[in-house]
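The values are calculated or read from the model by the stated rules, or taken from the named source; none is laboratory data. On a predicted model such as this, the values are computed, not experimentally measured, just so you know. Note: ideal-geometry Cβ built from the backbone for every residue, glycine included; neighbour counts use all protein chains shown.
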Amino acid sequence: MALNYMDCFRRLFLYCVSFVAFTIAMFIFMNLFQDVFRNPLYSLNSDAESRSSYQHTTRDEKGITFFFTSTSKTSAINKNLHDTLLAQTSTVSNLLMKEATIQRKELLTTKSAVTMDTVGSNQETKLVYPLTAFGSPYVLNNDQICVGANNLTFIVLVHTATDHFYRRSVIRDTWANKDILANYSMRVVFLLGRPQDNIKLQAAIEHESSLHQDIVQGDFSDTYHNLTHKGVLGYRWISEFCLQAKFLIKVDDDVFVNIFKLLFDTSTTYKTDKRKLRCYIRMNQTSPIQRKSGKWAVDESEFKNMTYFPVTYCNGFFVFMTTDIIKELYEASKVTPFFWIDDVYIFGLLPAKAGSVTFESIAGLTLSEKDSLECFKKDTPCDYLAGTAVTKGSMETLWYGSIKQYSSLAKAYAKPQLFNT
């Protein structure tokens, strides 16, 4: 029995020694690797000053992914993790996506393609790009407009202002009525931005969109200096939802188009067009850059030391173009620094960046409403293809005048019910 007691005592003593040794070893281990166990995943230590938190963000096609580390400021492990995550974020293919979020907040009323960040005596030029080229640009989007229209002749993009309800209504009921053509097809999209601090106006736009399903509203303030954002939004929308259209008609909401004459020209002269813009052309080095004052005054930092715009571009009130270049123009907007005069950017800088785009002058364009009204009141066909219609009632007058003058073409291209109203 004595031997058994002694044997039990020795075993107990050995167990105690082993436990003490294990505890000491764990204490040493904890001290050696305390940086790891200070991570909040392993510890309840609330001493915020003893840790440094780093956030890394990447943006890809699936959205935004966030990476976090939270370890000791002096930790070698922290440095390794930090460097590893930086390496991961640096592999994102399109670094401009990270700038887009900043631009969306800061550049809603951007007037310049260049901003200057000053650090000490050093100046760094920071290029910015259209807000609608990246991210999610839509406030309202009717993405079914072209669905089912596989043999689509025209997609009409109308640049309109938020409160121009009447102008949009008249365009729908006259020359851009998608239901009037018999053997050809047409769809219309009205492009606009957000009204500035006007909840009632936004509600009215949303109601109009629900009724007609032809509104595309971008996430930018609808101001004159944001027209470039609107133009890029149009290119992007067609690239995403309506590339099956053969031709693009881009107009402002105060422009009338003689759709019957355009259909005749399209079926004859224009039917073989490829990579082409037809418009009133502003040739390279012929359009002066206004510097000091006025609606189109350009800051000295833009097109520096230049007297004329260095690209050929279209006067944008009416542009007729093939859609085979639309996607390239949209992609070009991602790498072409922003410029606020939309005609120069949308129909000049982007085609120049895309390359191999042909400009051709188109006859029958006028900016005189008076001339248009007089011309379409005649008994003989008016030669005008498009003209401004600003005054209330002028769009309807031009429309009925074109039906009368071009009755043979109207009967060939339009449905019979057009003549029963």
Can you find a residue in the range 273-287 that is under 26 Å from the mean Cα position of the chain (by Cα) and among the hydroxyl-bearing types (Ser, Thr, Tyr)?
yes
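Among the residues of the range 137-185, count how many are among the hydrophobic types (A, V, I, L, M, F, W, C), over 26 Å from the mean Cα position of the chain (by Cα) and part of a loop (DSSP other than H, G, I, E, B). Explain how you work it out, then say what you get.
Residues of the range 137-185 among the hydrophobic types (A, V, I, L, M, F, W, C): 139-140, 145-147, 149, 152, 154-158, 161, 165, 170-171, 175-176, 180-182.
So of that shortlist, the ones also over 26 Å from the mean Cα position of the chain (by Cα) come out as 170, 175, 180-182.
Still in the list and also part of a loop (DSSP other than H, G, I, E, B): 175, 180, 182.
Number of matching residues: 3.
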So, first residue under 21 Å from residue 171 (Cβ atoms) in the range 191-216, second residue among the aromatic types (Phe, Trp, Tyr) and surrounded by fewer than 12 Cβ atoms within 10 Å (Cβ to Cβ), Cβ within less than 7 Å, six or more apart or across chains; the pairs are none
Identify all residues within the range 383-393 that are more than 12 Å from residue 257 (Cα to Cα) and not basic (Lys, Arg); write none if there are none.
390, 391, 393
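Please state which one of 401, 387 is more than 32 Å from the chain's Cα centre (by Cα) and assigned by TED's automatic domain parsing to the domain that holds residue 286.
Working: 387 fails: more than 32 Å from the chain's Cα centre (by Cα).
Testing whether each residue is more than 32 Å from the chain's Cα centre (by Cα) and assigned by TED's automatic domain parsing to the domain that holds residue 286 leaves just 401.
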So which residues in the range 261-306 are within 22 Å of residue 384 (Cα to Cα) and either in contact with a helix residue (DSSP H, G or I) (Cβ under 6 Å, 6 or more places away or on another chain) or outside the structural domain of residue 348 (by TED's automatic domain parsing) (or both)?
263, 264
Candidate set from the range 186-224 (those that are among the polar types (S, T, N, Q) and either in a helix (DSSP H, G or I) or not assigned by TED's automatic domain parsing to the domain that holds residue 149 (or both)); member that is surrounded by the fewest Cβ atoms within 10 Å (Cβ to Cβ)
210
Looking at the range 225-241, can you tell me whether even one residue there is surrounded by fewer than 22 Cβ atoms within 10 Å (Cβ to Cβ) and either over 25 Å from the mean Cα position of the chain (by Cα) or not in a helix (DSSP H, G or I) (or both)?
no
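Looking only at the range 370-421, count every residue that is aromatic (Phe, Trp, Tyr) and either in contact with a Pro (Cβ under 7 Å, 6 or more places away or on another chain) or surrounded by fewer than 16 Cβ atoms within 10 Å (Cβ to Cβ) (or both) and tell me the total.
Step one: filter the range 370-421 for residues aromatic (Phe, Trp, Tyr), giving 376, 384, 399-400, 406, 413, 419.
In the following step, the residues that additionally are either in contact with a Pro (Cβ under 7 Å, 6 or more places away or on another chain) or surrounded by fewer than 16 Cβ atoms within 10 Å (Cβ to Cβ) (or both) were identified as 400, 406, 419.
Qualifying residue count for the region: 3.
Taking residue 116 as the residue in question, decide whether it is modelled with pLDDT under 95 and not in a strand (DSSP E or B).
Working: modelled with pLDDT under 95: yes; not in a strand (DSSP E or B): no.
Here the answer is no, as residue 116 does not meet what is asked.
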